[in-house]
Amino acid sequence: MTKAGLFLTFEGIDGSGKSSQARMLAEHLRGLGHDVVLTREPGGSAGAEEIRSLVLEGDPDRWSAETEILLFTAARRDHLERTIRPALAEGKVVICDRFADSTRMYQGLSRGDLRGLVDQLHDLMIGREPDMTVLIDMDPETGLSRAKGRQGTEERFEDFGLALQQQMRAGFLALADEYSDRFRVVDGNRDMDSVAQDVTDIVLQALR
Ligand code: TYD
């Protein structure tokens, strides 16, 4: 058992299967006796869940990119203060479905180059990177058709279409190179169990 706590994040394009992988990993680690907190962004604390509906529902042009950066960062700050930091301090494994890398991609790249702004605000208000990030890499078209197959109201980003998916996929792979010390890339274009096996191997190695 780890005493210092371990902060793991999952990233990937919409429909990459990362949420299922995060859930499966959490169950697996609990079965091995680890104390696991499974959480997600935007959200993961009461206040951040309220911000979630503001950013994920409504018209695609509801917010400017700059306003979105502020909203996602505000949600993240609350999540960090109330959920992530306390759990890590108690030595738990925190598994988070999306974190700051999603803001670097979605708000930092999709509507002009705002990556510098995202990073500045991150340094100022968050200042914490995950210990390890698992990128579930996925073909953009498959991801999009999976994401569209889900009925729901959280569609602001899915409405942006295939071009966005392609841009985000390339961006995530570039980010994995940029932060190669903490990123692990897993091929998501396979059945869920094979992907889960790779994820488990990677994470158990990190826990040792
Ligand atoms: P998520 O709930 O992970 O959806 P999915 O399970 O379909 O991948 O994320 C919802 C959307 O929020 C997703 O389209 C990406 C977007 N998002 C951002 O744009 N910026 C962020 O910082 C985060 C955390 C998410």
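Since every read-out is calculated from the coordinates, none of them should be taken as a lab result. Bear in mind that the values here come from a model prediction, so they are computed numbers and not experimental data. As a convention, Cβ positions derive from the backbone with ideal geometry for all residues, glycine included, and neighbour counts pool all protein chains shown.
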*Determine, for each peptide in 60-70, 193-203, 128-138, the mean count of other beta carbons within 10 angstrom over its residues, then list the peptides with the highest first.*
128-138, 193-203, 60-70
_Considering all alpha-carbon pairs of the chain, what whole percent are spaced by more than 24 angstrom?_
38
*Hand me the chymotrypsin sites (Phe, Trp or Tyr not before Pro) from the stretch 140-208 located in a DSSP loop with no more than 16 other Cβ atoms within 10 Å, in residue order please.*
TYR179
*Taking the Cα-to-Cβ direction at ALA89 and at ILE202 and moving 7 Å from each Cα, how far apart do the two end points lie in nm?*
3.0
*asked:* For the stretch 183-205 and the stretch 1-63, what is the centre-to-centre distance using only Cα atoms, to the nearest Å?
replied: 17
*Highest first, please rank the peptides 22-28, 118-124 by the mean number of other Cβ atoms sitting within 10 Å of their residues.*
22-28, 118-124
_Can you list which of the DSSP-assigned H helices in the chain have a Cα extent of 30 Å or more along the long axis and an average Kyte-Doolittle score of at least 0.5?_
none
*What is the extension gain from ARG77 to SER194, computed as 0.36 nm multiplied by their sequence separation minus the C-alpha to C-alpha distance, in nm to one decimal?*
38.7 nm
*In percent, how large is the relative contact order of the stretch 6-207, given Cα pairs closer than 8 Å and 6 or more residues apart?*
33
*Calculated FRET value between ARG23 and ARG62, using beta carbons and R₀ = 30 Å, to 0.05*: 0.55
_Residue-span extension gain [LEU54 to ARG128] - 0.36 nm each, minus C-alpha spacing_ = 24.2 nm
